[in-house]
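Heads up: the structure comes next, in structure tokens.
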Amino acid sequence: MTALNELTIRQAHNGLVKKEFTCLELARACLARIDGTNDDFNAFLEVFADEASEQARRVDAKIIIGGEVGPLEGIPLAVKDNILIRGKRSSSASKILEGYVAPYDAFVIAKLRAAGAVFLGRTNMDEFAMGSSTENSAYGPTKNPWNPKLVPGGSSGGSAAAVAADMCLAALGSDTGGSVRQPAALCGVVGLKPTYGSVSRNGLMAMASSLDQIGSLTKTAADARIVFKAIAGGDHWDSTAVPDRHNREKTDVKGLRVGVPKEFFIEGMDAEVEKAVREGISRLGEMGATIKEVSLPHSDFALAVYYILMAAEVSSNLARFDGVRYGRREAGDILREVYGRTRAAGFGAEVRRRIMLGTHVLSTGYYDAYYKKAQQARTLVRNDFSRVFEEVDLLAAPTTPTVAWPIGEKFEDPLTMYLSDIYTVSANVAGIPAVSVPCGFKDGLPIGLHLLGRPFGEETILSVAESYEQVSDWLKEKPAL
Ligand code: GLN
């Protein structure tokens with residue numbers, strides 16, 4: 001029998017309903033797995049063993065008296081360290097927030113809590129979600145469970161590793177430029193970034209507010225649908241988020257038009273990654289979809305647009321960490337010294353780099369050349385997608401140009417690191433939903449197939465991902481980690 005911590009959300013739910021095991025046993029299986037492996041992978045920064053057991057016991061009590069069991073009731077989840085859980089520390093893996101305790105639940109946490117989910121702990125990440133490898137954490141890098149010498153991707157690397165290593169059934173992450181999908185691809189799990197505005201960002205520490213979305217890391221696409229359904233929707237604390245308006249119809253792959261953007265198959269991408277992704281796309285064809293090559297002519301701009309706008313928004317959003325309002329404070333004789341010393345001591349190198357870049361692109365004399373130009377180019381990138389979605393129902397492409405790389409390899413070279421986001425950033429720039437599903441291996445390391453949909457088209461991409469998963473051999477080939 002599969003160990004309880006290895007179950008998917010759906011399998012665990014069925015087991016709970018049939019009373020094959022209790023929520024407490026399920027939570028304990030995850031906690032034991034974390035106990036046994038977290039030292040190797042550094043996926044969790046903190047484990048809430050007592051509270052998780054208590055939450056699980058409460059759900060068990062409800063099940064015993066015959067209460068209805070919701071799809072997430074008693075399901076053990078991990079939460080990225082930039083999403084607030086009331087009464088718990090939350091640091092975005094930064095020294096500047098050392099000792100900070102969240103005063104309220106993020107919107108998604110409140111929703112999941114109400115749905116009966118069990119929170120196992122908070123997961124490691126690149127500081128303030130800036131990075132592609134989880135090496136920028138102030139608490140040491142997370143290791144890839146497929147091979148601990150390799151990065152898990154980032155910035156939600158802790159969440160991806162926790163799911164891949166069966167330390168939890170699913171996890172929350174945030175995706176500003178690929179931080180859910182890219183680590184999902186490199187760790188062999190499913191990563192969903194919803195449409196901008198379909199999930200409230202209330203209680204997510206802001207990185208770049210026009211790009212940030214909360215997403216899920218799960219073992220299957222069916223599980224991604226369950227988590228998404230539970231967290232979708234807006235509230236009055238996030239004026240960009242709208243009420244949940246998704247149709248819940250599962251779409252048949254047959255008859256769908258799948259576009260393959262030619263600009264996403266560039267020189268420099270790994271040949272075996274390309275092969276696996278193209279095979280995945282052919283599979284969709286065999287399942288009855290029409291495959292068609294399309295063009296997104298302004299794709300070349302997406303990475304530059306992202307790294308200008310993101311940095312500009314980062315520099316504004318992170319101004320709040322001034323040593324007065326939150327977390328850590330360094331002493332100084334005048335206020336300016338307090339600001340300067342606190343920020344110098346509290347922020348890591350990558351965060352400082354982006355604040356400086358962002359301040360630069362917003363400054364007098366450079367604003368028009370960088371920030372304004374990037375906003376104009378953003379419109380071009382977005383228009384490419386709108387036009388292409390008149391011809392096709394979704395797009396299929398690679399999630400990343402390579403598989404996971406050795407820890408340290410790109411750490412000293414930010415530009416090379418930024419290039420690993422080449423395929424993921426455009427979904428954030430355009431605000432559209434996208435999911436990464438495992439589609440093959442290179443040298444035993446997982447590869448991700450990237451499906452991008454129309455705004456609020458989560459159902460379509462999840463349906464395709466789910467159907468693909470059923471026909472792909474991937475799950476059968478996956479070794480136990
Ligand atoms: N890797 C990208 C970056 O470094 C994306 C980060 C994210 O999505 N939070 O900015």
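If packing is taken as the average count of other Cβ atoms within 10 Å, what order do 419-432, 181-194 fall into, highest mean first?
Final packing ranking: 181-194, 419-432.
For the chain, what is one quarter of the convex hull surface built on the Cα atoms, given in nm²?
Mean projected area of the Cα convex hull: 21.6 nm².
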| request: Compute the separation of the alpha-carbon centres of segment 421-462 and segment 288-334 and state it in Å as a whole number. | output: 19
| message | Just to be sure I understand: of the beta bridges DSSP finds with both ends in the chain, what percent are antiparallel, rounded to 5? | response | 65
| query | If you average over every viewing direction, what projected area does the convex hull of the Cα atoms of segment 342-442 give, in nm²? | reply | 9.4
| query | What is the calculated FRET efficiency for Asp300 to Glu274, with r their C-beta to C-beta distance and R₀ = 22 Å, to the nearest 0.05? | reply | 0.75
| remark: For Lys292, counting only lysines whose alpha-carbon sits under 28 Å away and dropping same-chain residues fewer than eight positions off, the answer is Lys193, Lys250, Lys254, Lys262, Lys275, Lys442
| said: Rounded to the nearest percent, how much of the accessible area of segment 378-481 (1.4 Å probe, protein heavy atoms only) is carbon and sulfur? | reply: 56
| request: Write down Rg/Rh for segment 281-406, rounded to two decimals, with Rg from the C-alpha atoms and Rh from the Kirkwood relation over Cα pairs. | output: 1.17
| said: For segment 82-197, compute Rg over Rh where Rg is the Cα radius of gyration and Rh is the Kirkwood radius from the inverse mean 1/r over Cα pairs. | reply: 0.95
| query | Can you give the alpha-carbon Rg of segment 6-78 over 2.2 N^0.38 Å, where N counts its residues? | reply | 1.12
| said: Can you tally the net charge around Ser155? Count Lys and Arg as +1, Asp and Glu as -1, for every other residue whose Cβ sits under 13 Å from the Cβ of Ser155. | reply: -4
| In the neighborhood of Glu279, defined by Cβ-to-Cβ distances under 15 Å, what is the net charge if each Lys or Arg adds +1 and each Asp or Glu adds -1? | -3
| Stretched out fully, how many nm does the piece from Ala61 to Asp473 gain, at 0.36 nm a residue minus the Cα gap? | 144.4 nm
| With Cβ to Cβ distances under 13 Å as the rule, what net charge do the other residues near Ala349 carry (K, R +1; D, E -1)? | -1
| remark: Cα-based Rg/(2.2 N^0.38 Å) for segment 327-376, rounded to two decimals, is 1.48
| Which aspartates and glutamates, on any chain, are close to Lys219 with Cα under 16 Å apart, when same-chain ones fewer than 8 places away are left out? | Glu6, Asp166, Glu466, Glu469, Asp473, Glu477
| message | Taking 0.36 nm per residue of sequence separation and subtracting the Cα-Cα distance, how much length would be gained by fully extending the chain between Ser53 and Glu412, in nm to one decimal? | response | 125.1 nm
| task | Treating the Cα atoms of segment 277-328 as identical point scatterers in vacuum, please give the log10 of the normalised Debye intensity I(q)/I(0) at q = 0.20, 0.23, 0.27 Å⁻¹, two decimals. | result | -0.82, -0.89, -0.97
| message | Suppose we keep just the alpha-carbon trace of segment 200-336; what are its Rg and Dmax in angstrom? | response | 21.3, 70
| task | Convert 25 °C to kelvin, take the viscosity as 0.890 mPa s, use the Kirkwood radius over C-alpha pairs of segment 66-122 as Rh, and evaluate the Stokes-Einstein diffusion coefficient in µm²/s, rounded to a whole number. | result | 204
| task | Using Cα positions and a limit of under 18 Å, work out the aspartates and glutamates in reach of Lys111, with same-chain residues fewer than 8 apart set aside. | result | Glu51, Glu68, Glu73, Asp81, Asp223, Asp235, Asp238, Asp244
| query | So what is the calculated 222 nm ellipticity per residue for the chain, using -39500 (n - 2.57) for each DSSP H run with n of 4 or more, over all residues, to the nearest 500 deg cm²/dmol? | reply | -12000 deg cm²/dmol
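The values are calculated or read from the model by the stated rules, or taken from the named source; none is laboratory data. Here the structure is a predicted model, which is why all the values come from computation and not from measurement. Every residue, glycine among them, receives a Cβ derived from its backbone with ideal geometry; neighbour counts consider all protein chains shown. Calculation scope for accessible area: heavy atoms of the full protein, side chains included, ligands and nucleic acids excluded. Shrake-Rupley method; radii C 1.70, N 1.55, O 1.52, S 1.80 Å.
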